[in-house]
Amino acid sequence: QVQLVESGGGLVQAGGSLRLSCVASGITVTDRTVGWYRQAPGKERNLVAEIRSNRDTFDDASVKGRLTISRDNAKNTVYLQMNSLEPEDTGIFFCDTWQSETGYWGQGTQVTVSL
């Protein structure tokens, strides 16, 4: 059974940092692409970063230089390091992956950035 569990969110002041974790079970993160998505209040879910099996990464232009995705193979975990956070980064952050044409999401972790 595939399961993704996010953690690490919280309330932070603008300019602060958080590190989000996505712990996977039932799959191996090194074998596939894992993405982080943000869903702002009242808006749709959008991709902010992803890491591929060969460790290539993609970052959305809105977060370049501020958010870094990485992977710990031994812990089967994908991280999202977020620096210089802005109020516009507020939202629920989800991780996502695919296996056998089926997509899997975690339950999300809330990030709130105050002025």
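Some points to look at:
- Considering only SER70, SER21, SER100, the mean-square fluctuation computed in a Gaussian network model of the chain, springs between alpha carbons under 10 angstrom, is largest for SER100.
- Of all DSSP beta bridges in the chain, antiparallel share, percent nearest 5: 90 percent
- Gaussian network model of the chain, springs between alpha carbon atoms under 10 Å - residue of GLY15, GLY103, GLY35 with greatest fluctuation: GLY103
- Share of carbon and sulfur in the accessible area of the chain stands at 45%, probe radius 1.4 Å.
- Nearest-0.05 FRET efficiency for ALA74 and ASN46, computed from C-beta distance (R0 30 Å): 0.50
- Selected from LEU80, LEU20, LEU47 as most flexible by GNM, with the chain as the system and alpha-carbon contacts under 10 Å: LEU47
- The amide H of ILE27, built 1.01 Å from its N in the peptide plane, has GLN3 as neighbours under 5 Å, considering only residues 5 or more places off or on other chains.
The values are calculated or read from the model by the stated rules, or taken from the named source; none is laboratory data. Keep in mind it's a predicted model, so treat the numbers as computed, not measured. A quick note on method: Cβ atoms are made from the backbone with ideal geometry, for glycine too, and the neighbour counts reach across all protein chains shown. Surface accessibility is based on the protein's heavy atoms, side chains included, excluding ligands, DNA and RNA. Shrake-Rupley method; radii C 1.70, N 1.55, O 1.52, S 1.80 Å.
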